[in-house]
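In what follows, a single structure is set out as C-alpha cells and then discussed.
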Amino acid sequence: MKKLLNLPLCICMFLFSLEAMAQVPLRSVVEHFTNTSCSVCAANNGGIHQSISNNPNVLHISFHPSSPYPTDVFNQQNKAENDDRTKFYNIYGATPRTVLNGSVTSYTSLNTALGAVSSLMSNYSITVTQSDSDGQTFLVKTIIKKVSADTNLAANLFLGIIEDTIQQTTNNGETKHFNVFRKAMSSITGDRVILPAMVGDSIVLNNRYFVDFSWNKKKLFVMALLQTNAKTLINSHVSNVANAGTTGLLNVSAIQLNNVLYPNPITNTFYSNLALTNLSIYNLLGEKVASIEKVEPNSPLLLPAIEQGIYTFIAETEQGILVQKVIKQ
C-alpha cells in the first residue's frame, strides 16, 4: 500500500525530468565593440578572437562605434546603429569592449567567462534561414519554439545582417575583420515579440533585406538574439551564409561543409558522410518543407516526399553547421 501511495509522486518526478530534458543548449554570443583606428583594439582583438575560437559553438558579431575614433571605415556605412548598439549597453566611448550573452564582460577574462557559460540551457530554440530571392534581395525566416516550461511572456528579438571575414588593411594595421555588423533588420535594441504560450508551440517571423552595393553578397548571414528586458540572452542562432569557407573564426558563423550529403542530385535515397542532427530542408522561398531528427553516417536514408527542385539542407554536426545545396530529381 505504501508503494502505491508513492507512485503518483514518482510519476510526477518522471514527467518533470522529461520536461527538463526538453531544454536545448543556449548558444552564447560575444558582441565585440571595436574600431579600425584603435591601436589598443589591434593589440587585443587577436586575443578576443582566440578566446572565441577556443569555445566551439559561440557566435560573434563585431560593431564599430564612432567613438573614440570617428573615422572608422566600417562605422561610416551605418553610424547610427553601430553607435546605438554600443549605447544600449552603456559602453559608448571606449574600445575594445565585449558583451557576453547581454552582460558587459572584460575581454581580458573572456575565455574564462565563455567556459563558465558553456553548459547553459534554454527553454527556447531559434532557427534562422535565408534564401536569395532575386539576386539582390534575401528572404529571412525566423522560428522561435518553446521547448520547455518558461514564465517569459515576451522578449526582444534582434536580427542583424552580418558580413563574414572582410580582408582590408585599416588605420590600426589590422588586415582581417570578422563578422562585421552591417545593418539591423529589427530595432537595434530588438523588436518586442510575444513568445509561444505552450511547450511545443512556435512563432514564425518573415523578413527580407536588400543587399547594399558595398556589401559582399556571398558573405552575408543573419544573426538572431532573443533577449529579456534585462538584456539577458535567452538563445541565439545564425542563418546559412553563401560562402563561409574564408572565415578565420570558423565556429562563430555557419560553417559550410561541402559534399557531406550524397549522391547529389538525389532521387529517393541519400547518405551522409557525417552524423547529423536536426536536419532541416528548405525550398528556394526559405520555407521549411521537411525535417529529420537524426542521420547516421553512411547509412541509407529515405528522402521525405518533396517535389523536384533545388533545396538547402541545414543540419548540426560536430564539425559545425552543414549548409548544402541539394538537387531533388
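The values are calculated or read from the model by the stated rules, or taken from the named source; none is laboratory data. This is a predicted model, so every value here is computed, not measured. Methodologically, a virtual Cβ is constructed for each residue, glycine included, from the backbone with ideal geometry; neighbour enumeration extends over all protein chains shown.
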Checklist entry - Residues in the range 92-116 that are closer than 12 Å to HIS32 by Cβ, part of a loop (DSSP other than H, G, I, E, B) and of a type in the set (S, T, N, Q): how many? => result 1
Next on the checklist: Given the condition crowded, with 21+ Cβ neighbours inside 10 Å, over 21 Å from ALA155 (Cβ atoms), of a type outside the set (Lys, Arg) and not assigned by TED's automatic domain parsing to the domain that holds ILE314, answer yes or no: does some residue in the range 179-199 qualify?
Outcome noted: yes
Checklist entry - Has the range 202-209 got any residue that is β-branched (Val, Ile, Thr) and within 13 Å of LEU157 (Cα to Cα)? => result yes
Item to check | Conditions (1) under 27 Å from VAL204 (Cα atoms); (2) part of a loop (DSSP other than H, G, I, E, B): number failed by ILE144 | outcome: (2)
Item to check | Which listed residue is assigned by TED's automatic domain parsing to the domain that holds ASN57, of a type in the set (Val, Ile, Thr) and within 21 Å of GLY160 (Cβ to Cβ), from THR112, THR86 | outcome: THR86
Checklist entry - Quick check: is even one residue across the range 75-91 more than 22 Å from ILE234 (Cβ to Cβ), part of a helix (DSSP H, G or I), modelled with pLDDT under 95 and under 22 Å from the mean Cα position of the chain (by Cα)? => result no
Item to check | Tally, over the range 265-295, of residues that are farther than 21 Å from PRO25 by Cβ and not hydrophobic (A, V, I, L, M, F, W, C) | outcome: 11
Checklist entry - Restricting to the range 295-311, what's the tally of residues that are in a strand (DSSP E or B) and within 15 Å of VAL260 (Cβ to Cβ)? => result 3
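Listed here are the residues, each with its yes/no results for (1) at pLDDT 95 or above; (2) farther than 18 Å from LEU26 by Cα; (3) part of a strand (DSSP E or B).
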site: SER118; (1), (2), (3): no, no, no
site: VAL128; (1), (2), (3): no, no, yes
site: ASP134; (1), (2), (3): no, yes, no
site: VAL140; (1), (2), (3): no, yes, yes
site: ALA155; (1), (2), (3): yes, no, yes
site: PHE158; (1), (2), (3): yes, no, yes
site: ILE161; (1), (2), (3): yes, yes, yes
Next on the checklist: It is to be established whether one or more residues within the range 282-291 are free of Cβ contacts under 8 Å to residues at least 40 places away in the same chain and under 22 Å from ASN57 (Cβ atoms).
Outcome noted: yes
